[in-house]
Structure formats: structure tokens, C-alpha cells
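> My structure is below; once you've seen it, I'll send some questions.
The values are calculated or read from the model by the stated rules, or taken from the named source; none is laboratory data. Here the structure is a predicted model, which means the values were calculated and not measured. FYI the Cβ positions are ideal-geometry reconstructions off the backbone, even for glycines, and counts take in every protein chain you see. These area figures cover heavy atoms from the full protein model, side chains too; ligands, DNA and RNA do not enter into them. Shrake-Rupley method; radii C 1.70, N 1.55, O 1.52, S 1.80 Å.
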Amino acid sequence: MSNAKQSSGPPAIVGIIVGAVLMFGGFWFSKNVKLEFIKTLEAQGIPLDPGKTISIIGVLLILFPVIKFFFIAPLAEAIQNRTTELERTFGEAENLRAEMTQMKQDYERRLVQTEADAREQIQGQIKEAQSLRQQMMAEAGVKAEELKASAAREIEAQKQQAIAELRHYVVELALQATEKLVEANVDEERNRKLVADFLETVEAPR
Amino acid sequence: MGDWITQSSQLIASVEEPHGAESHGGDHGDGHAWVSWEGLLVYVAIVVGTLFVLMAQAKKGLNNRFFTNKLTQLFEQVYLFIENMCVGTIGAHGRRYVPMIMTMWMLVFSGNLLALFFPTSPTADLSFNLGLALVSVAYVQYEGIRANGLFGHLGHFAGPKLGGFLALLISPIIFVIEIVSELMKNVSLSLRLFGNIDGGHRAAEAMNTLGAGIYVPFGAFLLPIKLLTVVVQAMIFCLLTAVYLSLVTHHDDDHGHGHEAEAGHAEVAPAH
């Protein structure tokens with residue numbers, strides 16, 4: 001596009017001067033020179049006036065540089081500038097895009113790293129919790145066993161005590177009952193032995 | 001002021017009314033009016049004046065960002081169209097010819113467009129078209145000499161390089177044929193444009209005469225096809241100039257393009 005501004009012909013001023021000369025020369029030619037072959041052509045329906053042609057060549061030689069410098073060169077320059085501006089904007093956009101892509105990659109990499117760290121921490125916590133749980137369960141089991149053993153011991157003690165008390169009470173009842181029934185001179189020691197032997201026989205199947 | 005208006009009216013009238021043969025314009029016995037010298041001047045002034053008014057308006061909308069002015073956008077499209085045509089036909093170095101070809105396109109297009117609204121137009125005048133063609137072909141020769149040097153350019157006319165006796169026998173014949181061919185380009189360019197635009201007028205006049213009895217302007221029905229002619233002829237004139245430029249300025253690295261251009265020429269030429 002910038003080539004449109006380059007000179008592709010003779011200097012403009014030469015063209016304009018030659019054009020002006022041809023323009024007026026053509027007019028003079030048209031009014032003063034009569035060529036026979038032109039009349040022949042005209043008679044054949046081909047209306048040609050060399051004077052007009054020369055003048056038009058002159059007009060064109062003037063118009064080409066004038067229109068070029070008046071309008072086409074500024075238009076080409078504006079289009080060129082706009083294209084440059086667009087290319088610059090696109091270049092900037094491209095750079096920003098590349099930067100953004102880089103940032104996105106960094107972010108994704110960091111996100112992945114963060115996720116991995118988080119996963120690792122969670123796994124660690126889970127393992128720790130599991131270990132703690134097992135430890136607590138073990139402790140609780142031991143404690144429960146202890147409590148259970150203690151309870152069993154107490155139950156056993158209570159049971160033995162209750163049995164002893166019951167035995168004593170039964171003995172007392174039996175003695176009282178025997179004393180009332182027999183009311184005889186039975187030796188107390190001997191009676192007690194008899195009752196105890198009896199009770200031994202009663203407890204044996206237990 | 002009054003005299004100036006009267007003279008202007010007479011100039012316009014001289015276009016529409018037949019003249020005597022001595023004025024190099026007028027009726028040639030078939031009722032068709034040729035444009036006189038003064039009339040041509042008026043028409044060219046209208047074309048150039050209109051172009052400059054439009055360009056001045058379009059120039060106001062130029063900036064380095066987006067063109068918001070519709071007229072500027074229109075001229076931008078024309079510029080890009082011509083640029084694409086030049087680059088496509090001539091090659092990358094074709095951009096340097098854009099100002100010349102765009103000016104030519106605007107002149108021919110405006111001249112053709114004028115033919116839709118006036119009884120005749122600059123491009124309906126063979127002398128005007130011959131002037132355009134001569135400038136076009138002369139510019140092509142100038143560029144050919146600039147690109148290849150005088151002898152290199154003349155060497156193109158001698159055809160392929162032959163050796164010995166063949167060079168003496170064949171090359172002069174080819175040279176003469178090529179020179180005639182170059183001269184005929186002027187005739188071809190000018191007559192084609194003249195024939196199409198003047199022919200459109202004649203056809204419209206004939207059809208209007210046909211419908212005169214019943215007051216129907218049959219010639220108006222030709223307007224769409226004339227509009228098409230306006231665009232196509234302007235494009236062909238510029239395309240052919242670009243093709244001629246391509247033929248004389250193509251370089252070794254542009255050979256592919258040059259052949260394409262020749263092919264394009266071969267396609268265009270028979271159609272018109």
C-alpha cells in the first residue's frame with residue numbers, strides 16, 4: 001500500500017506543465033487544423049477529433065498527479081496507517097494472549113501442586129486420625145476389660161458375701177428351728193457340726 | 001453573470017442539438033447527436049468537478065482508525081478493489097500503479113455513469129476514449145522501458161530469442177506485428193468503451209422512438225443493463241491496463257503471475 005505513494009511516473013510538475021500545453025494545444029489544433037482522413041472517418045460514422053484527444057491527454061496528465069496527491073495518496077496513507085495500527089494492536093493482543101496463556105499455565109501448575117499438597121495433608125491427617133482411633137479403641141478396650149474384671153471381682157465378692165450371709169442365716173434358722181423342735185440336751189457344738197456337714201452336702205452339687 | 005449562464009446553457013444545448021459538420025460534432029444523418037468540443041468540456045468539467053467534490057468530502061473522513069464516513073468507506077472499497085486487481089494481475093509490485101489505475105477507473109466510471117442521466121457522456125466520445133487509451137498505452141510503454149530499459153523493452157517486441165538466420169528472418173516480422181499489436185491496443189480500448197456507451201445511447205434512443213407513438217419510453221427499460229455496462233466497462237478498461245502493465249513489467253520471480261495475467265487477458269478479451 002505504501003507503494004501507492006511511490007512515484008511511478010515522471011515528476012508531477014512536468015506532467016502538469018505538459019498537460020496544460022497539450023490541453024490548449026489540442027483546443028488550437030481542433031479549431032485550426034482540418035485533416036482529410038478525419039472527415040473521411042466522420043463520414044463513415046467514426047467521429048474522431050484529434051484536437052479533443054490531445055486536450056484530453058493534457059487533462060489526464062494534469063489530473064493523474066493532482067488526484068493522486070489530493071486524495072489517493074492520503075487515502076492510501078490512512079489505510080496504511082490503519083493497517084499498521086491494526087497490526088500493532090493485533091501484536092499487542094497476541095503478546096497479551098501469550099502472557100495470559102503463560103499465566104494460565106502457571107496457575108494450573110500451582111493449582112495442581114496445591115491440590116497435591118492438600119491431598120497429601122488430608123491423607124496424613126486421615127492416617128493420624130486412624131492411628132489415634134486405633135489407639136483410643138485399644139485404650140478403651142483395655143479399660144473396658146479392666147472395668148469388666150473389676151466388676152466381675154466385685155460381683156464375685158458380693159456373691160461370696162451373700163452366700164456366706166445366707167449360709168449363716170440358714171444356719172441360724174436351722175438352729176433356731178432345731179432348738180425349738182428338739183428342745184433337748186444336744187450339744188451345741190455337735191449340732192453345729194451336723195448342720196455344717198449337712199450344708200456341705202447341700203452345696204456340693206452347686 | 002447573465003452572459004455566463006447564457007453561454008453555459010448554449011454549451012449544454014450544443015451537446016443535445018445536432019451541429020454542422022464543421023464543428024466536429026452534431027448529427028451524422030441518423031438523428032444521433034455527437035458531443036461537441038465545448039460540450040465535452042462541460043461534461044469533463046462535470047465529471048472532474050463531481051469527483052473532486054466527492055473526494056473532498058471523503059477526505060474529511062480519513063483517519064488512522066475506522067472510517068465512519070460512508071463516502072470514505074466507499075472510496076476505500078474502490079481503492080481496495082483496484083489494489084486487489086493490480087496485485088492479482090500484475091503481482092506484488094502492482095501496488096505502485098494503484099493511483100494511476102484508480103484515477104482512470106474513477107474517470108471512466110463517472111463518465112459512464114453520466115451516460116445514464118444525460119443524452120451523451122465523455123466516454124460516449126471516441127476522441128475522449130482515444131485520449132484515455134493513448135495515455136494508458138503510453139504509460140504502459142513508459143513502465144516497460146523503466147522496468148527493462150529501452151532496448152530490453154524493444155527486445156520484448158522481437159519475440160523469443162532466436163539464433164542466426166532465424167533471428168534475421170523471424171524477429172523483424174514479430175517485431176512489426178507486435179508494434180501493430182501495441183498500436184491496436186489503443187483502438188481496442190477506445191472503440192470498446194465508445195461502442196458500449198454510445199451503443200447504449202443509440203439503443204435507448206431507438207427504443208424510445210419505437211414507443212413514441214404510445215408515449216412509452218421503452219429505452220428506460222435498458223437502464224439496468226446500461227448500469228451493468230457502466231461498471232463492467234470501467235473495470236475492463238482498468239483490468240486491461242493492468243494486464244498490459246503486467247506483460248511489460250513482470251520479473252523473473254513474477255513469471256507465474258505474468259502467465260496468469262496473460263491467461264486473464266485471454267479470457268477477458270474475447271468477451272468484449
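> Can you tell me which residues in the range A:75-88 are of a type in the set (S, T, N, Q), facing another protein chain (nearest Cβ under 7 Å) and in contact (Cβ under 8 Å) with a residue 40 or more places away in the chain? Steps first, please.
Of all residues in the range A:75-88, those of a type in the set (S, T, N, Q) come to A:80-81, A:83-84.
Those still in the list that are facing another protein chain (nearest Cβ under 7 Å) too: A:81.
Within the range A:75-88, none qualify.
> Here is a further query. Can you tell me which residue is nearest to the other protein chains (Cβ to nearest Cβ) among those in the range B:50-61 that are assigned to a helix (DSSP H, G or I) and open to solvent by less than 30 Å² (accessible area, probe 1.4 Å)? Can you show your working first?
Initial filter on the range B:50-61 (assigned to a helix (DSSP H, G or I)): B:50-60.
From what is left, the residues that are open to solvent by less than 30 Å² (accessible area, probe 1.4 Å) are B:51, B:55, B:58.
Numbers: B:LEU51: 7, B:MET55: 4, B:ALA58: 7 Å.
Selected residue: B:MET55.
> Here's something else I'd like to know. Of all residues in the range A:149-189, which are assigned to a helix (DSSP H, G or I), among the polar types (S, T, N, Q) and open to solvent by 60 Å² or more (accessible area, probe 1.4 Å)?
Passing the criteria: A:GLN158, A:GLN160, A:GLN161, A:GLN176.
> Continuing with the same structure: Quick check on A:LEU61: is it more than 8 Å from chain B (Cβ to nearest Cβ), within 26 Å of B:SER121 (Cβ to Cβ), at pLDDT 90 or above and open to solvent by 40 Å² or more (accessible area, probe 1.4 Å)? Give the steps one after another, and end with the answer.
Details: more than 8 Å from chain B (Cβ to nearest Cβ): no; within 26 Å of B:SER121 (Cβ to Cβ): yes; at pLDDT 90 or above: yes; open to solvent by 40 Å² or more (accessible area, probe 1.4 Å): yes.
Considered against the rule, which asks whether it is more than 8 Å from chain B (Cβ to nearest Cβ), within 26 Å of B:SER121 (Cβ to Cβ), at pLDDT 90 or above and open to solvent by 40 Å² or more (accessible area, probe 1.4 Å), A:LEU61 comes out as no.
> I would also like to ask the following. Look at the range B:85-114 and say how many of its residues are within 11 Å of B:ALA242 (Cα to Cα), open to solvent by 10 Å² or more (accessible area, probe 1.4 Å) and more than 9 Å from chain A (Cβ to nearest Cβ).
Of the residues in the range B:85-114, 4 are within 11 Å of B:ALA242 (Cα to Cα), open to solvent by 10 Å² or more (accessible area, probe 1.4 Å) and more than 9 Å from chain A (Cβ to nearest Cβ).
> Is it the case, given these coordinates, that B:PHE165 is away from chain A (no Cβ under 12 Å) and open to solvent by 40 Å² or more (accessible area, probe 1.4 Å)?
Taking the combined requirement at face value, the residue satisfies it.
> Residue check: is B:LEU116 part of a helix (DSSP H, G or I) and more than 30 Å from B:GLU205 (Cβ to Cβ)?
Values: part of a helix (DSSP H, G or I): yes; more than 30 Å from B:GLU205 (Cβ to Cβ): no.
For B:LEU116, the condition - part of a helix (DSSP H, G or I) and more than 30 Å from B:GLU205 (Cβ to Cβ) - is not met.
> Further question: I'd like the full set of residues that are hydroxyl-bearing (Ser, Thr, Tyr) and open to solvent by 10 Å² or more (accessible area, probe 1.4 Å), limited to the range B:124-141.
Of everything in the range B:124-141, just one residue is hydroxyl-bearing (Ser, Thr, Tyr) and open to solvent by 10 Å² or more (accessible area, probe 1.4 Å), namely B:TYR139.
> For the range B:116-123, indicate whether the set of residues that are under 17 Å from B:ALA234 (Cα atoms), in contact with a Lys or Arg (Cβ under 7 Å, 6 or more places away or on another chain), hydrophobic (A, V, I, L, M, F, W, C) and at pLDDT below 90 is non-empty.
Taking every residue of the range B:116-123 in turn, at least one turns out to be under 17 Å from B:ALA234 (Cα atoms), in contact with a Lys or Arg (Cβ under 7 Å, 6 or more places away or on another chain), hydrophobic (A, V, I, L, M, F, W, C) and at pLDDT below 90.
> Within the range A:1-13, take every residue that is in a helix (DSSP H, G or I) and within 12 Å of chain B (Cβ to nearest Cβ) and give me the one that is modelled with the highest pLDDT.
As a first pass, look at the range A:1-13 and keep what is in a helix (DSSP H, G or I): A:2-5, A:12-13.
Subsequent filtering for residues that are within 12 Å of chain B (Cβ to nearest Cβ) retains A:2-5, A:12.
Details: A:SER2: 46, A:ASN3: 47, A:ALA4: 46, A:LYS5: 47, A:ALA12: 79.
Going through the qualifying residues, I end up with A:ALA12.
> OK, next. Being touching a residue at least 60 places away in the same chain (Cβ under 8 Å) and not hydroxyl-bearing (Ser, Thr, Tyr) is true for just one of A:ILE72, A:ILE13. Which residue is that?
Numbers: A:ILE13 fails: touching a residue at least 60 places away in the same chain (Cβ under 8 Å).
Only one candidate passes the filter, namely A:ILE72.
> Among residues belonging to the range B:188-211 that are surrounded by fewer than 17 Cβ atoms within 10 Å (Cβ to Cβ) and touching a Pro at 6+ places or on another chain (Cβ under 8 Å), point out the one that is modelled with the lowest pLDDT.
Looking at the filtered set, the residue picked out is B:GLY211.
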